[in-house]
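Here is the structure we will look at, set down as structure tokens.
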Amino acid sequence: MNFAIIGAGMAGLACADALHEAGHCAALFDKGRGPGGRMSTRRMSTPLGEASFDHGAQYFTARDPRFRRLVDGWCGADIAAPWPAAGGDTWVGVPGMNAIIRHMASVHEVRWGHLVTGMVRKEGSWWLMDKAGESGPFDAVILAIPAEQAAAILSLHDFAMARIALQARSQPCWTSMFVFDQPIDGIPPVVRNQGSVAWAARNSAKPGRSGPEAWVVQASPVWSADHLEEPQEQISALLCAAFAEATACDIPEPLVAASHRWRFALSAGTGDGALWNPSIALGVCGDWLLGPRIECAWSSGRMLGDCCVGAVKQAVSA
């Protein structure tokens, strides 16, 4: 079968892996300019050289045996490494979190910078629409995008799945990135849940990183929601002050500061795992169907891919 997958993050790529292993074709469409999504790594020029920041997901776990085998392979290929500073069984991509997505995407047909604005089913096939026109036909479509984005599309094709997506509201997260001219003494490499700071990490101390003293500071969901529409420059100043308060240290003026707003950062998970409508060949996967972890995104995508493969086999044997 010929599948279209909207979203080339962890869930979409895990689904594509399962389909590819079973001999099916999958084309992935992603609005991003390149691999990453919430596993993005941003690089910035500074007076002290280039700095990099994992400004989305900070690490991932590998508790599922199948996912752990995959992670062990990434580790052997030097694109993942354990990061004990964040706790037990925590891993990061090397030299950035996006190395994992880049590696997974390399074996698939991914169309980056491709924003799908709608889709239509005609004569038993699916067609995707964007500003350039239509793409298709496809035998099936998989949505591997945040719940809020999926709900808008699902409402036109499967109201039951749309209702599930509407109930899975994501929490936002403001992330600030700072470069300092020297190491900040007296602060552990990871700071958690201190006032309005949900997380702060010395990004430059992660495995495989280099460059100047670089910190990622992420605000709590409540703080992020309260400041959701404020300009990035103001957010950077506020979170730098919150970082100083959270660590009880005199934080110097950063050489470089930038902020990024993740509107759809965290979801508690609906417990559904993955969704599949065999009558119209439409499926949905993503961490919001399981829980707010990278491993959950992989599990959801793999679950849906295996479901699709099983459905095809059943239809052929019927």
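The values are calculated or read from the model by the stated rules, or taken from the named source; none is laboratory data. Please read all numbers here as calculations on a predicted model, not as lab measurements. FYI the Cβ positions are ideal-geometry reconstructions off the backbone, even for glycines, and counts take in every protein chain you see.
Does residue 198 meet the test of being crowded, with 20+ Cβ neighbours inside 10 Å, within 29 Å of residue 233 (Cα to Cα) and either of a type in the set (A, V, I, L, M) or not assigned by TED's automatic domain parsing to the domain that holds residue 83 (or both)? Taking the combined requirement at face value, the residue satisfies it. Flag set for residue 268, criterion: within 22 Å of residue 10 (Cα to Cα), touching a strand residue (DSSP E or B) at 6+ places or on another chain (Cβ under 9 Å) and either in the same structural domain as residue 69 (by TED's automatic domain parsing) or outside any helix (DSSP H, G or I) (or both). I'm checking my understanding of the structure. Among residues of the range 190-224 that are within 20 Å of residue 42 (Cβ to Cβ) and part of a loop (DSSP other than H, G, I, E, B), which one is modelled with the lowest pLDDT? Applying the filter and picking the extreme gives 210.
Is it the case that residue 187 is surrounded by 13 or more Cβ atoms within 10 Å (Cβ to Cβ), among the β-branched types (Val, Ile, Thr) and assigned to a helix (DSSP H, G or I)?
Numbers: surrounded by 13 or more Cβ atoms within 10 Å (Cβ to Cβ): yes; among the β-branched types (Val, Ile, Thr): yes; assigned to a helix (DSSP H, G or I): no.
Criteria not met by residue 187.
In the condition set (1) free of Cβ contacts under 8 Å to residues at least 12 places away in the same chain; (2) among the aliphatic types (A, V, I, L, M); (3) assigned to a loop (DSSP other than H, G, I, E, B), residue 228 is compliant with all but (1). Of the set (1) surrounded by 15 or more Cβ atoms within 10 Å (Cβ to Cβ); (2) at pLDDT below 95; (3) not small (Gly, Ala, Ser), all apply to residue 123 but (1).
Only a single criterion out of (1) assigned to a helix (DSSP H, G or I); (2) at pLDDT below 95 is not satisfied by residue 291, namely (1).
Scanning the range 16-55 for residues that are in contact with a Pro (Cβ under 8 Å, 6 or more places away or on another chain) and of a type in the set (A, V, I, L, M) turns up 48, 51. Name every residue in the range 83-102 that is in a loop (DSSP other than H, G, I, E, B) and at pLDDT 95 or above, in order of residue number. Of everything in the range 83-102, those that are in a loop (DSSP other than H, G, I, E, B) and at pLDDT 95 or above turn out to be 83, 90, 94, 95, 96, 97.
Just give me the residues in the range 1-53 being touching a Lys or Arg at 6+ places or on another chain (Cβ under 6 Å) and polar (S, T, N, Q), in sequence order.
52
Per-residue answers, yes or no, for (1) surrounded by fewer than 17 Cβ atoms within 10 Å (Cβ to Cβ); (2) in the same structural domain as residue 50 (by TED's automatic domain parsing):
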residue	(1), (2)
76	yes, yes
80	no, yes
86	no, yes
142	no, no
150	no, no
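In the range 116-130, is there at least one residue being under 17 Å from residue 7 (Cα atoms), in a strand (DSSP E or B), touching an Asp or Glu at 6+ places or on another chain (Cβ under 6 Å) and not assigned by TED's automatic domain parsing to the domain that holds residue 213? Yes; the residues of the range 116-130 include at least one that is under 17 Å from residue 7 (Cα atoms), in a strand (DSSP E or B), touching an Asp or Glu at 6+ places or on another chain (Cβ under 6 Å) and not assigned by TED's automatic domain parsing to the domain that holds residue 213. Test of understanding: among 223, 276, 262, 215, which residue is buried (at least 18 other Cβ atoms within 10 Å of the Cβ), in contact (Cβ under 8 Å) with a residue 24 or more places away in the chain and out of contact with any Phe, Trp or Tyr (no Cβ under 8 Å at 6 or more places or on another chain)? After applying the criteria, what remains is 276.
Starting from residues that are surrounded by 13 or more Cβ atoms within 10 Å (Cβ to Cβ) and acidic (Asp, Glu), keep the ones in the range 226-243 and report whichever is farthest from residue 172 (Cα to Cα). It comes out as 230.
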